[in-house]
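A short worksheet on the structure shown next.
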Amino acid sequence: MTDSIDHNTAWAQRDLDHVWHPCTQMKDHEALPPLPIRSAQGVWLEDFNGRRYIDAVSSWWVNLFGHSNPVITAALKDQLDTLDHIMLAGMTHSPAVELAESLVRLAPEPLTRCFYADNGSAAVEAALKMSFHYWLNRGETRPRFMSLSNSYHGETLGALAVGDVPLYKSTYGPLLLDNIVVPGPDCYGRPEGMSWREHSEAAFAAMETALEQHASEVSAVIVEPLVQCAGSMRMYDPIYLTRLREACNRHNVHLIADEIAVGFGRTGTLFACEQAGIAPDFLCLSKGITGGTLPLSVVLTSDDIYQAFYDDYAKMRAFLHSHSYTGNALACRAALATLSIFESRDVLTEVRAKGAAMEAAAAPLRDHPNVGDMRRHGMIMAIELVRDRDSLEPFDWRERRGRRIHRHALTEGVLLRPLGDVVYFMPPFIINDDEIEAMVGAAIRGIELAVAG
């Protein structure tokens, strides 16, 4: 601590006088005020009292290569002296063009067209509208979409409609599209002795049936490949995506891959879809694309879909969807710098190794009586707490054990943000072995305290 004055309290009070925080019941801050952060470097956040915390959640999953990363920072400083922003309607600039070229080189064929937006929900909205409008331009009206149980795709109205997490969705039900929810391949609670692959493949039968019944009225199926992040970090095997791609082809339905949270190496491959060897019709990217510096998202799609909108203006076939900050030059330049880091070293090998190190550090919990499951894809790892591991009986959510773990971890200098009773780790890729031990150790001790009370 730099001095004896509690600067955090003063900043927290000023915040509570005016700021309405996202995904927060503000009354909770009567007991636990927001944590004011003065600076951040690498995996560490520093508050106004000089105390440091490991950012175990990458600031809502956006930070890939550490805070204030010198490569990204230098690119932003250079870009700021040249061009900050112009509208992308009727104009263009080099960062937007170069980023689109880079993404097309990296993405699976035939994804060759990039449509920019400024956040993940906006990318999902664009993909949904593009898919519906494509079929309309082809002379078909397909007003419905299909998604998986427990899915999350954002919190604007279209994105909420294709999600299935009641915490976010139920209040707004009367405002939402009529979406078809199909039981998903989540491997938690699968029969004993059944592998992830076996369970995920068996679970596909529900999707096949739904497509047989509804394909003619459905524009697209939208999924989060491999990990349903906001849905308690539930995971499944790539075979489900392989089967889904085959089925969408058979039934002539688009496939939207929402890789907003899992893209750019989080699952151990640059894009999660690579593990299934597939290409979606629409690939939605955001979060890590700028290394956690600026808001940006992009929808990649094929030339076939692009050509369905290419016509005389009077025919109203154009995709008239826009955001003021679409293709922002600073954000695109940050994204280019982020991609340059992937090119300069073997990031994906590092991700796989550090994911394994996280799992090894958590090994003492493997047989814990209150741990119902430990699961991991790449550097996304989750620990599901239960009242009884044999029956998987959950704790009463009103007891808020995750909140207790969060509070304890802060005392050890670690920022965790459990999803209910699911403790997860999604740190920046640059975290080292000592920091992994500290992060997981704080979680273990927090879990022991939470389940004991």
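The values are calculated or read from the model by the stated rules, or taken from the named source; none is laboratory data. Every value quoted in this text rests on a predicted model; they were computed, and no experiment measured them. Cβ coordinates were reconstructed from backbone atoms using ideal geometry, including for glycine residues, and neighbour counts include every protein chain displayed. Surface accessibility is based on the protein's heavy atoms, side chains included, excluding ligands, DNA and RNA. Shrake-Rupley method; radii C 1.70, N 1.55, O 1.52, S 1.80 Å.
Laid out as a table, the results:
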read-out: Cross-chain or 6+ apart pairs with Cβ under 6 Å, region 16-43 first and farther than 22 Å from ASP55 by Cα, then aromatic (Phe, Trp, Tyr); value: none
read-out: Matching strands (runs of 3 or more DSSP E) fully within region 220-317 where at least 1 residues are at pLDDT 95 or above, among the hydroxyl-bearing types (Ser, Thr, Tyr) and touching an Asp or Glu at 6+ places or on another chain (Cβ under 9 Å); value: 297-302
read-out: Flag if ARG14 is among the charged types (D, E, K, R) and farther than 27 Å from LEU296 by Cα; value: yes
read-out: Complete set of residues in region 134-152 that are open to solvent by 10 Å² or more (accessible area, probe 1.4 Å) and under 14 Å from LEU226 (Cα atoms); value: SER149, ASN150, TYR152
read-out: Members of region 350-370 found to be under 24 Å from the mean Cα position of the chain (by Cα) and over 13 Å from VAL440 (Cα atoms), listed by number; value: GLU350, VAL351, ARG352, ALA353
read-out: Counted residues, region 388-418 - those being outside any helix (DSSP H, G or I) and either without any contact (Cβ under 8 Å) to a residue 40 or more places away in the chain or within 20 Å of ALA230 (Cβ to Cβ) (or both); value: 14
read-out: Residue within region 119-130 that is within 30 Å of ALA335 (Cβ to Cβ), open to solvent by 10 Å² or more (accessible area, probe 1.4 Å) and outside any helix (DSSP H, G or I) present; value: yes
read-out: Residue in region 297-313 that is among the acidic types (Asp, Glu) and under 25 Å from ILE222 (Cβ atoms) present; value: yes
read-out: Test result for ALA276, open to solvent by less than 30 Å² (accessible area, probe 1.4 Å) and touching a Pro at 6+ places or on another chain (Cβ under 6 Å); value: yes
read-out: One residue from ALA220, ALA279, ALA210 being under 27 Å from PRO428 (Cα atoms) and touching a strand residue (DSSP E or B) at 6+ places or on another chain (Cβ under 9 Å); value: ALA279
read-out: Residues (among the hydrophobic types (A, V, I, L, M, F, W, C), surrounded by fewer than 20 Cβ atoms within 10 Å (Cβ to Cβ) and in a helix (DSSP H, G or I)) located in region 352-387; value: ALA353, ALA356, ALA357, ALA360, ALA363, LEU365
read-out: Given (1) closer than 18 Å to GLU384 by Cβ; (2) in contact with a Gly (Cβ under 8 Å, 6 or more places away or on another chain); (3) open to solvent by 40 Å² or more (accessible area, probe 1.4 Å); (4) not hydrophobic (A, V, I, L, M, F, W, C), index of the condition ASP164 fails; value: (1)
read-out: Residue count, region 239-264 (criterion: in contact (Cβ under 8 Å) with a residue 40 or more places away in the chain and either open to solvent by 10 Å² or more (accessible area, probe 1.4 Å) or not hydroxyl-bearing (Ser, Thr, Tyr) (or both)); value: 13
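Here is a yes/no grid of residues against (1) closer than 30 Å to VAL57 by Cβ; (2) surrounded by fewer than 19 Cβ atoms within 10 Å (Cβ to Cβ); (3) out of contact with any helix residue (DSSP H, G or I) (no Cβ under 9 Å at 6 or more places or on another chain):
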residue	(1), (2), (3)
PHE282	yes, no, no
ILE289	yes, no, no
LEU294	yes, no, no
ASP303	no, yes, yes
GLN307	no, yes, yes
MET316	no, yes, yes
PHE319	no, yes, no
ALA335	yes, no, no
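Residue by residue, here is whether (1) within 23 Å of the chain's Cα centre (by Cα); (2) without any contact (Cβ under 8 Å) to a residue 24 or more places away in the chain; (3) open to solvent by less than 50 Å² (accessible area, probe 1.4 Å); (4) farther than 29 Å from VAL57 by Cβ holds:
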| site | (1), (2), (3), (4) |
| --- | --- |
| LEU177 | yes, no, no, yes |
| CYS187 | yes, no, yes, no |
| TRP196 | yes, no, no, no |
| ALA210 | no, no, yes, yes |
| GLU217 | no, no, no, yes |
| PRO225 | yes, no, yes, no |
| GLN228 | yes, no, yes, no |
| GLY231 | yes, no, yes, no |
| TYR236 | yes, no, yes, no |
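Residue-wise test of (1) outside any helix (DSSP H, G or I); (2) in contact (Cβ under 8 Å) with a residue 12 or more places away in the chain; (3) surrounded by 14 or more Cβ atoms within 10 Å (Cβ to Cβ).
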residue: GLY158; (1), (2), (3): no, yes, yes
residue: TYR168; (1), (2), (3): no, yes, yes
residue: TYR172; (1), (2), (3): no, yes, no
residue: GLY184; (1), (2), (3): yes, yes, yes
residue: PRO191; (1), (2), (3): yes, no, no
residue: SER200; (1), (2), (3): no, yes, yes
residue: ALA203; (1), (2), (3): no, yes, yes
residue: GLN213; (1), (2), (3): no, no, no
